[in-house]
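**Q** Before I ask anything, here is the structure I am working with.
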Amino acid sequence: MKKILLYAVGCVVIVLCVVCYFAFTQTRELQECKSEQDKISGCVQKEYYENGKPMYETPYKNGERHGVQKVYYENGKLKSEILYQNDKTHGVAKGYYESGNLMREIPYKNDVQHGVEKWYYENRNLEFEAPYDNGKKHGVVKEYYENGILRYETPYENGKRHGVGKEYDENGNLEIETPFKNGKLHGVEKWYYKNGNLKYEIPYENDKRHGIAKRYYENGNLQAQVTYENGNMVSGVCGDGKEIDIQELKYWDTQDPISEVCKE
């Protein structure tokens, strides 16, 4: 019985010691920096708005930022949190809307982005996500409409776009497919009508249009085709066989002169 009692008393003492330790630590961490010496021994540097509310709090240890830096809105609500370790950003930096909802999450490793960066709409739906590997985008970057529908997705390798990027409308219909190779346009870019039929096929080689580009009517019939060489138009023909005056195309004040020159 005595052993049990002693054991219980010992547990209580340990718990009290732990509580006291953390209480002491928290109190110590909350001490405001008054000098550079304080930053070495450990303190929190604070700045305030004119209304007296805190603007930000930055913890220091050994003269370096170390711990969670907090930034506030003027009304006192938390705006962002950034974790520092030996003066380097290390961990997930978070930003918040004034409503308190999460705005962004950006992971760091030794001052370099590493992991999946995420941004959110105020309604909490995901807006954007980008995977990083040692400071470079690596993986599929995605952006979403506020209703949650995917807006675009672009694959990256070692910081460069590489693969087929895709864009969608607010209903989830595919609008554009754009091929990349080592950060440059390379391959056949495709645009689509709402009904899913092809609108354009545009060949690229090393960031320049090169090859035969085609434009289609919404019903699927060929409207025109234009031949490019190293980014320059060299010849063209409408779907009905009418030759296109390339010089004439250059004077059309429109993004899609073919649709004006070649009509049904």
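**Q** Which number gives the lysine pairs in segment 35-113 that have C-alpha atoms under 12 Å apart and are eight or more places apart or on different chains?
**A** So the count of such lysine pairs works out to 7.
**Q** Could you work out how far apart the two model spin labels at Glu248 and Ser41 are, taking each label as a point 7 Å from the Cα in the direction of the beta carbon, and quote it in nm?
**A** According to this spin-label approximation, the distance is 8.6 nm.
**Q** Provide the descending list of Cα extents for segment 35-113 along its principal axes, expressed in whole angstroms.
**A** 36, 33, 11
**Q** Now a separate question. If you plug each phi of segment 156-167 into the Karplus form 6.51 cos²θ - 1.76 cosθ + 1.60 with θ = phi - 60°, what whole-Hz ³J(HN,Hα) values come out, in order, with x for Gly and Pro?
**A** 10, 9, 6, x, 10, 5, 8, x, 9, x, 10, 10
**Q** Nothing charged except the Cβ atoms of Lys and Arg (+1) and of Asp and Glu (-1): what's the magnitude of the dipole of the chain about its Cα centre? Round to the nearest 20 debye. Can you show the working numbers first?
**A** Numbers: 37 positive and 42 negative charges, 325 e Å.
Dipole magnitude for the chain comes out near 1560 debye.
**Q** Still on this structure, I have one more. Treating only the Cβ of Lys, Arg, Asp and Glu as charged (+1, +1, -1, -1), what charge dipole size does segment 28-179 show about its Cα centre? Round to the nearest 20 debye. All intermediate terms of the calculation are to be shown ahead of the outcome.
**A** Details: 23 positive and 28 negative charges, 122 e Å.
Once rounded to the nearest 20, the dipole reads 580 debye.
**Q** Based on Cβ point charges of +1 for Lys and Arg and -1 for Asp and Glu, what charge dipole magnitude is obtained for segment 139-207 about its Cα centre, in debye rounded to the nearest 20? Walk me through the numbers before you get to the answer.
**A** Values: 10 positive and 13 negative charges, 33 e Å.
With only Lys, Arg, Asp and Glu charged at Cβ, the dipole is about 160 debye.
**Q** What residues qualify as long-range amide H neighbours of Asp133, i.e. H under 5 Å apart, gap of 5 or more or another chain, H built at 1.01 Å from N?
**A** For Asp133, whose amide H was placed from the backbone, the distant partners under 5 Å are Gly115, His138.
**Q** Starting from the 7 Å offset along Cα-to-Cβ, what nm value, one decimal, do you get for the label separation of Asn171 and Leu198?
**A** If labels sit at Asn171 and Leu198, their model points lie 2.3 nm apart.
**Q** For segment 217-234 and segment 40-71, write down the distance between their C-alpha centroids in whole Å.
**A** Cα centroid of segment 217-234 versus Cα centroid of segment 40-71: 61 Å apart.
**Q** Taking amide H positions as placed 1.01 Å from N in the peptide plane, with prolines and chain starts having none, which residues 5 or more places from Gly67, or on another chain, fall under 5 Å of its amide H?
**A** So Gly67 has HN proximity to Tyr84, Gln85, Asn86.
**Q** Still on this structure, please answer the following. Please give the peptides 78-89, 44-55 ranked by average Cβ packing (other Cβ atoms within 10 Å per residue), highest first, as a rough proxy for protection. Walk me through the intermediate numbers first.
**A** On the way: 78-89: 17.2, 44-55: 12.5.
Taking the mean over residues of other Cβ atoms within 10 Å, the ranking is 78-89, 44-55.
**Q** Can you run phi through the Karplus equation (6.51, -1.76, 1.60; θ = phi - 60°) for segment 59-69 and list ³J(HN,Hα) in whole Hz, with x for Gly and Pro?
**A** Calculated HN-Hα couplings, in order: x, 10, 7, 6, x, 10, 5, 7, x, 8, 7 Hz.
**Q** Continuing with the same structure: Report relative contact order for the chain in percent, whole number only (criteria: Cα-Cα under 8 Å, sequence separation at least 6).
**A** Details: 590 pairs, mean separation 14.6, N = 264.
6 percent.
**Q** Let's test the formula: R0 of 30 Å, r as the Cβ-Cβ distance of Leu102 and Glu74. What FRET efficiency results, to the nearest 0.05?
**A** 0.90
**Q** Which one, Gly211, Gln31, Gln113, is farthest towards the positive end of the dipole of the chain when Lys and Arg carry +1 and Asp and Glu -1 on their Cβ?
**A** Farthest along the dipole direction, towards plus: Gln31.
**Q** Still on this structure, please answer the following. What is the log10 of I(q)/I(0) for the chain, computed with the Debye formula using one identical point scatterer on each Cα and no solvent, at q = 0.17 Å⁻¹?
**A** Once normalised to I(0) and log-transformed, intensities are -1.26.
**Q** Continuing with the same structure: Under a 5 Å amide H to amide H cut-off, with H placed in plane at 1.01 Å, what residues pair with Ser235 once short-range neighbours are removed?
**A** Sorted by chain and number, the residues that satisfy this are Thr227.
**Q** Once phi is turned into θ = phi - 60°, what whole-Hz ³J(HN,Hα) does the Karplus curve with 6.51, -1.76 and 1.60 give for every residue of segment 92-100, x standing for Gly and Pro?
**A** In residue order, the calculated couplings are 8, 7, 10, x, 10, 6, 5, 6, x Hz.
**Q** Using a Förster radius of 35 Å, what is the FRET efficiency between Asn221 and Val116 based on their Cβ-Cβ separation? Nearest 0.05, please. Walk me through the numbers before you get to the answer.
**A** On the way: r = 44 Å, r/R0 = 1.26.
Working from the Cβ atoms, E equals 0.20.
**Q** Under a cut-off of 12 Å between alpha-carbon atoms, report the aspartates and glutamates in cross-link reach of Lys208, not counting same-chain residues fewer than 8 places apart.
**A** Qualifying aspartates and glutamates at Cα under 12 Å: Glu189, Glu229.
Coordinate-derived values only; no laboratory data. Everything numeric here is computed off the predicted structure, so don't read it as measured data. Cβ: placed from backbone, ideal geometry, glycine included. Neighbour counts: every protein chain shown.
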